[in-house]
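Have a look at the structure below, then the notes.
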Amino acid sequence: MSSEFVTTRRMEFADTDLAGIVHFSRYTVFMETAEHEFLRSIGTDIHVKRDGDIVSWPRVSISCDYVQPSYYGEELEIGVTVLRRGEKSVTYGFDFRRGDDEIARGKTTAVFCVCNPGEKLRSLAIPADIAERLDAIAVTE
C-alpha cells in the first residue's frame, strides 16, 4: 500500500527574502512542520513520553532540491511519504507543489531515540504500533 499525507502552507512575509521569494532555508522548517502534522495524523507526535522515557525523532540527514521559486502569499501543498522505514529510522520524502507545478522536493531521515534530559541520546527500535502506521503510507516498489 502506498499513499501520501498532504498538508498546505501559505507563504508568509517572514518566509521570504527581499525579493519576496521564499528563502531556501524555510523549506527545512516546512518539512519539519509537515512531518509533525503527519505524525499527529497517525496517532503519535514528535516528542512524547512512552514507557517512562521521553522519545523523539532527531534528524540525522536532510536535503532539498529547488525546482522553481515560490512567493509571498502563495499556498503550497506539501506531500509527505515514507520512502524507507528501517528498524530504528525513517526516511521521509516531501513534495512541494503549487497546483500542478513542482516547487521543491526534499528528504529527511530521523532516528527513533530516547531523549531524557541529562542523558545521552539512545536509539531504539521503532515500536511495532508506530512501524505499522508508518508502513501504511510507505512507498512500495
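Quick note: the coordinates plus some simple rules give every number you see, no bench work behind them. Predicted model, so just to flag it, every value in this text is computed and none were measured. Using ideal geometry, Cβ is built from the backbone for each residue, glycine included, and neighbour counts are taken over all protein chains shown.
Below, the figures for the structure above:
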| read-out | value |
| --- | --- |
| Distant-in-sequence amide H partners of ARG84 (H built 1.01 Å from N, under 5 Å) | THR91 |
| Length-normalised contact order for the range 76-139 - Cα pairs under 8 Å, 6+ apart - percent | 33 percent |
| Most positive-pole-ward Cα, VAL60, LEU124, PHE24, against dipole of the range 5-135 from beta carbon charges | LEU124 |
| Which of LEU76, LEU124 has the fewest Cβ neighbours within 10 Å, and the rest in rising order | LEU124, LEU76 |
| Relative contact order %, the chain, counting alpha carbon pairs below 8 Å whose residues are six or more apart | 30 percent |
| Computed Rg/Rh of the range 43-141, alpha carbon atoms with Kirkwood Rh | 1.05 |
| Protection-proxy order for peptides 14-24, 77-87, each taking the mean of Cβ atoms within 10 Å per residue, highest first | 77-87, 14-24 |
